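Bear in mind these aren't lab numbers, they're just calculated from the coordinates by the rules spelled out. Quick caveat, the model's predicted, so the values are computed rather than measured. Backbone-built Cβ (ideal geometry, glycine too); neighbour counts: all protein chains shown.
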């Protein structure tokens, strides 16, 4: 994302709506019954039930369920796909009312800067931004959405990860490259994870670059701190 065409924003939204309408969440290559690694990384940041967290590209991720289970009082889920958000709302049932749901392209989202978050969590959105201007808008959006000392936890495919996913090209990173992208508005304090295989339930044929018969993809994650 974005895709080619006269209106890249519309193309991108159409792509992800089609993905979530054509497959059940468990059929998606990035499905995790429990987002164990994300929870571990959030714990490393010292999050508590009082920590406000926005899950960017949360889609049908089970992270929101786990955060609510842990008593986190303020949780937001942002995704470009309405279909994905509706699936998550249906899964959560009555608990969905306690979540902030934001249907938007993160590079153009109008987030409320009067109610900032403590943590911006992104597992596998940023690497879809192949356009430099989109990446700059993303970093700016994250900076505006976080309060002083807030942390953007960014996880992307590493340099050893797939070159494409869900039929789209991706940009691969290491901690130094992520630092270059976020360093204009954040202090990249540390790489909290390097080349860790995130297990998924199935292997996606459109994510070339994984080892044969592998059910994992190599990720890098970095904690970017707002001044």
Taking the beta-carbon count within 10 Å as an exposure proxy, list 120, 101, 30 from fewest neighbours to most. 101, 30, 120
I'd like the distance separating the alpha-carbon centroids of the stretch 75-97 and the stretch 139-181, in whole Å. 23
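Can you tell me which of 148-156, 160-168 comes out highest on packing, and rank the rest after it, using the mean Cβ neighbours within 10 Å?
Ranking, from highest mean packing down: 148-156, 160-168.
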Quick one: grab the alpha carbon gyration tensor of the chain, order the square roots of its eigenvalues as a ≥ b ≥ c, and give me rounded if a/c is under 1.5, else prolate or oblate depending on whether a/b is larger than b/c. rounded
Nearest 0.05, what FRET efficiency do residue 135 and residue 176 give at R0 = 22 Å with Cβ-Cβ as r? 0.90
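State the antiparallel share, in %, of DSSP beta bridges confined to the stretch 8-225, rounding to the nearest 5.
On the way: 19 of 40 bridges.
Expressed as a percentage, antiparallel bridges in the stretch 8-225 total about 50.
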Percentage relative contact order, the chain, counting C-alpha pairs under 8 Å, at least six apart: 19
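For 89, 23, which order do you get if you count the other beta carbons within 10 Å of each Cβ and list the fewest first?
Details: 89 16, 23 13.
Least to most surrounded, the residues fall as 23, 89.
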Which values of log₁₀ I(q)/I(0), to two decimal places, follow from the Debye formula for the stretch 1-121 at q = 0.11, 0.12, 0.15 Å⁻¹ with a uniform point scatterer at every Cα? -0.38, -0.45, -0.70
